[in-house]
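S.K.: Quick one: the structure is below, and I'll ask about it shortly.
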Amino acid sequence: MTSSQESVLSTYETDDSPTSKLIKKSKDAPFVPLGLAGLTGIVAYGLYKLKHRGNTKMSVHLIHMRVGAQGFVVGALTCGVLYSMYKEYWGKPKE
């Protein structure tokens, strides 16, 4: 990283804004931004499909979107837990 990027990141690390909290959380758990991006994508897809749902009832459409969003979040959490286990147990050099 260049010195300007490091200074920007260090500014965010000392700041207490939501952006700095997201950057800190991203460093600790890299699957948090992935989960947020997936959730945003599913919501955008759901809003698009809401307009073009045809004869499907609103309640059925909303249930399908909820199941899709929950599935993505559970998948991201599972990947995060597996990644943490890998770092903790297999990624560390043996002492």
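The values are calculated or read from the model by the stated rules, or taken from the named source; none is laboratory data. Nothing here was measured: the structure is a model prediction, and the numbers come from that model. FYI the Cβ positions are ideal-geometry reconstructions off the backbone, even for glycines, and counts take in every protein chain you see. What goes into the accessible areas is simple: the full protein's heavy atoms, side chains included, and nothing from ligands, DNA or RNA. Shrake-Rupley method; radii C 1.70, N 1.55, O 1.52, S 1.80 Å.
S.K.: Starting at the first residue of region 28-36, write each ³J(HN,Hα) from the Karplus equation 6.51 cos²θ - 1.76 cosθ + 1.60 with θ = phi - 60°, in whole Hz, x for Gly and Pro.
M.R.: Computed from phi, the couplings for region 28-36 are 6, 9, x, 8, 5, x, 5, x, 5 Hz.
S.K.: Follow-up question, since we're still on this one. Run the simple label-point estimate for THR19 and THR78 please: 7 Å along Cα→C-beta, distance reported in nm.
M.R.: It works out to 3.6 nm between the two label points.
S.K.: On average, how much accessible surface per residue is there in region 23-84, in Å², for a 1.4 Å probe, leaving out ligands, DNA and RNA?
M.R.: In whole numbers, region 23-84 has 73 Å² accessible per residue.
S.K.: Which whole-Hz ³J(HN,Hα) couplings does region 70-85 yield from phi under the Karplus relation 6.51 cos²θ - 1.76 cosθ + 1.60, θ = phi - 60°, glycine and proline marked x?
M.R.: Once θ is set to phi - 60°, the couplings for region 70-85 become 5, x, 5, 5, 5, x, 5, 5, 4, 4, x, 5, 5, 5, 5, 5 Hz.
S.K.: Moving on to the next point. So which lysines can LYS92 reach, going by Cα to Cα under 30 Å and dropping same-chain residues fewer than 8 places off?
M.R.: LYS21, LYS24, LYS25, LYS27
S.K.: While we're on this one: Extending each Cα 7 Å along its Cβ direction at TYR45 and ILE63, get the distance between those two points in nm, one decimal.
M.R.: Distance between label points: 2.0 nm.
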